[in-house]
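Have a look at the structure below, then the notes.
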Amino acid sequence: PPAGAAGRRSGRGGGDPVKALLHRHRELCERAVDPLEIAAGLEAHGITDRTAARFRHRDVFTLAEELYARTPRGEAPDAAPVRPPAGTRAVRGFGYALLPGALALGAAAAGTPGTGPLAALLTAAALVWPGRSARGRFPYAAHLLAAAAVGWAVHRHGPALGAALALAVAPGHLAAALYAARARRRLAGSRALEDFAAGARPLLAGILLLFTAAATGVAAVTAAAPGTAVPLAVLLFLARLLLRHGAHRTPVAAALALALVPDPAAAPAAAAGLLVHAFLALSRASAHARHRPHRHQGETA
């Protein structure tokens, strides 16, 4: 049933308005590692701060704290998979992000035939790993469209563009990691969904400006036309952010498909359209909850 209707029934019932909500979202509450994860999951189910007031809470965050506190945790949680230390993962991830640019530049310097297609393939492949959390049908549609968009652009504009896009993967990785960390910190300090959304938008704008400056520098290093390289790099960066934060693939795929249009304005228009979607999708708390590996994305993403 709709969250609002549930809240009204609970309010009229008197007794314990949170009990029915706890029962309905027991699985979410039992798997959550902190109240923030419950708050993000509730938001994904349509529960707003106004709805939380019907459960006698001033916002979703305090409601989530009560749900977390009242969730029975008698049984030991499932053993988490053994993972390397965070520092090791960060170094390894950055090493992977450097590979596309290093290989593309090396192939270009060696005069290897097919440098452009190789760079396009490496750039599109870099989107696959961050995209594993994305939701929606046709799981690889966005990745295939990214490969097509980059390959078509490199075919039209030359291998220098491919090298620029491959090299931009590294600053994109750093900018995405910085954005995720700052957004999570902002979420931890927020006490209302509107408060988080208001702070998340300037954060995204700042990170995007930082990446755009890096992409412009990369275009200069590779001698690619900035008017072509930068919009495509920004488009791929936004696709990376959205896919990594569990967004639906449909808007991402639509923007990448638009970039296939053989018109100079197509890539900037695609990037602008995806930017509007990113400001909407990434200002939701549910886009920044930590996800455990076995979790179903549709529940809390």
Q. Leaving out ligands, DNA and RNA but keeping every protein chain, what accessible area does Val33 have, in Å² rounded to the nearest 10, with a 1.4 Å probe?
A. 70 Å²
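Between Ala69 and Ala205, what is the FRET efficiency for a Förster distance of 35 Å, r being their Cβ-Cβ separation, to the nearest 0.05?
0.45
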**Q.** P(r), alpha carbons of the stretch 143-225 - 10 Å bins starting at zero, rounded %
**A.** 17, 35, 27, 16, 5
Q | 14 Å beta-carbon shell around Ala205, net charge (K/R +1, D/E -1) | A | +3
Q: Kindly state, to the nearest 0.05, the FRET efficiency for Val276 paired with Glu194, given R0 = 22 Å and r defined as their beta-carbon distance.
A: 0.70
Q | Length released on extending from Leu178 to Ala53, taking residue separation times 0.36 nm less the Cα-Cα span | A | 41.6 nm
**Q.** Carbon and sulfur %, accessible surface of the stretch 161-212 computed with the full protein complex present, 1.4 Å
**A.** 67 percent
Q. Rounded to the nearest 10 Å², what accessible area does Tyr96 show when all protein chains are kept and the probe is 1.4 Å?
A. 140 Å²
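The values are calculated or read from the model by the stated rules, or taken from the named source; none is laboratory data. Quick caveat, the model's predicted, so the values are computed rather than measured. Ideal geometry is used to build each Cβ from the backbone, glycine not excepted, and the neighbour counts take in all protein chains shown. With ligands, DNA and RNA removed, areas are computed over all heavy atoms of the protein, side chains included. Shrake-Rupley method; radii C 1.70, N 1.55, O 1.52, S 1.80 Å.
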